[in-house]
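For reference, the structure discussed in these notes is given below.
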Amino acid sequence: MSHAVGTFDVQITPVSPDPEAPAGAPGRMLLAKTFHGGFEGEGAGEMLGLMADRSGAYVAMERVTGVLEGRRGAFALVHRGIMDAGRQELLITIVPGSGEGELVGIAGVFHLTIVEGEHRYDLEYSLPDAP
């Protein structure tokens, strides 16, 4: 597996709930990201989340476009996050078969950490040999 590391900026925009949505329905947010470092590019996605006290969950789908290892293309990420009384569990994976352009065949996991407000990533990935 190869690694691309760096940082990213993220803008999270809440979407107004449907007026007929029941109380306690998941909140919906739009994601816009700019990646710096080993992967240079942009990301756009949608997130659904629920939070109660110090527990909750979120799911998201995101499409990223940019340059990785000198290859230009795009791929999708799927997010699953759980918080249980403050303990966090997060898994962000590359959606199988979602690679486009020169990133066809990409597979891997996107590791996210937030340190002093800075979003950092370690994209652990594999790519087939260039054709």
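Residue under question is PRO22, and the condition is that it be in a loop (DSSP other than H, G, I, E, B), free of Cβ contacts under 8 Å to residues at least 40 places away in the same chain and either open to solvent by 80 Å² or more (accessible area, probe 1.4 Å) or within 27 Å of ASP129 (Cβ to Cβ) (or both); does it hold?
Answer is yes for this residue.
Looking only at the range 74-131, which residues are acidic (Asp, Glu), without any contact (Cβ under 8 Å) to a residue 40 or more places away in the chain, under 25 Å from MET51 (Cβ atoms) and not in a loop (DSSP other than H, G, I, E, B)? Quick ask: steps written out before the conclusion?
Looking only at the range 74-131, we keep the residues that are acidic (Asp, Glu), and these are 84, 89, 100, 102, 116, 118, 122, 124, 129.
Those left that are additionally without any contact (Cβ under 8 Å) to a residue 40 or more places away in the chain: 84, 89, 100, 102, 116, 129.
If we keep only those that are under 25 Å from MET51 (Cβ atoms) as well, we get 84, 89, 116.
Those that are acidic (Asp, Glu), without any contact (Cβ under 8 Å) to a residue 40 or more places away in the chain, under 25 Å from MET51 (Cβ atoms) and not in a loop (DSSP other than H, G, I, E, B): ASP84, GLU89.
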* Asked: GLY37 passes all but one of (1) within 22 Å of HIS3 (Cβ to Cβ); (2) touching a strand residue (DSSP E or B) at 6+ places or on another chain (Cβ under 6 Å); (3) at pLDDT below 95; which number fails?
  -> (3)
* In the range 110-131, what count of residues is obtained for those that are open to solvent by 40 Å² or more (accessible area, probe 1.4 Å), hydroxyl-bearing (Ser, Thr, Tyr) and closer than 20 Å to GLY81 by Cα? -> 1
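Can you name the residue in the range 28-61 that is more than 17 Å from the chain's Cα centre (by Cα) and open to solvent by less than 70 Å² (accessible area, probe 1.4 Å) and, of all such residues, is nearest to ILE92 (Cα to Cα)?
Residues of the range 28-61 more than 17 Å from the chain's Cα centre (by Cα): 50-56.
After this cut, where a residue has to be open to solvent by less than 70 Å² (accessible area, probe 1.4 Å) as well, the list is 52, 55-56.
On the way: ALA52: 22, SER55: 19, GLY56: 17 Å.
Among residues in the range 28-61 that are more than 17 Å from the chain's Cα centre (by Cα) and open to solvent by less than 70 Å² (accessible area, probe 1.4 Å), the one nearest to ILE92 (Cα to Cα) is GLY56.
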* Could you tell me whether the range 57-68 includes any residue that is touching a residue at least 24 places away in the same chain (Cβ under 8 Å) and either over 30 Å from LEU127 (Cα atoms) or among the hydroxyl-bearing types (Ser, Thr, Tyr) (or both)? => yes
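Condition check ((1) surrounded by 15 or more Cβ atoms within 10 Å (Cβ to Cβ); (2) under 16 Å from the mean Cα position of the chain (by Cα); (3) within 17 Å of GLU46 (Cα to Cα)) across all residues:
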{"position": "ARG71", "(1), (2), (3)": "yes, no, no"}
{"position": "PHE75", "(1), (2), (3)": "yes, yes, yes"}
{"position": "ILE94", "(1), (2), (3)": "yes, yes, yes"}
{"position": "GLY108", "(1), (2), (3)": "yes, yes, no"}
* Residue check, MET1 against (1) under 16 Å from the mean Cα position of the chain (by Cα); (2) closer than 19 Å to ILE94 by Cα; (3) surrounded by fewer than 14 Cβ atoms within 10 Å (Cβ to Cβ), all met but one. Which one? -> (1)
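The values are calculated or read from the model by the stated rules, or taken from the named source; none is laboratory data. No experiment lies behind these values; they were computed from the predicted model shown. So basically every Cβ, Gly included, is an ideal-geometry build from the backbone, and we count neighbours across all protein chains shown. Areas reflect the complete protein model, heavy atoms only, side chains present, ligands, DNA and RNA absent. Shrake-Rupley method; radii C 1.70, N 1.55, O 1.52, S 1.80 Å.
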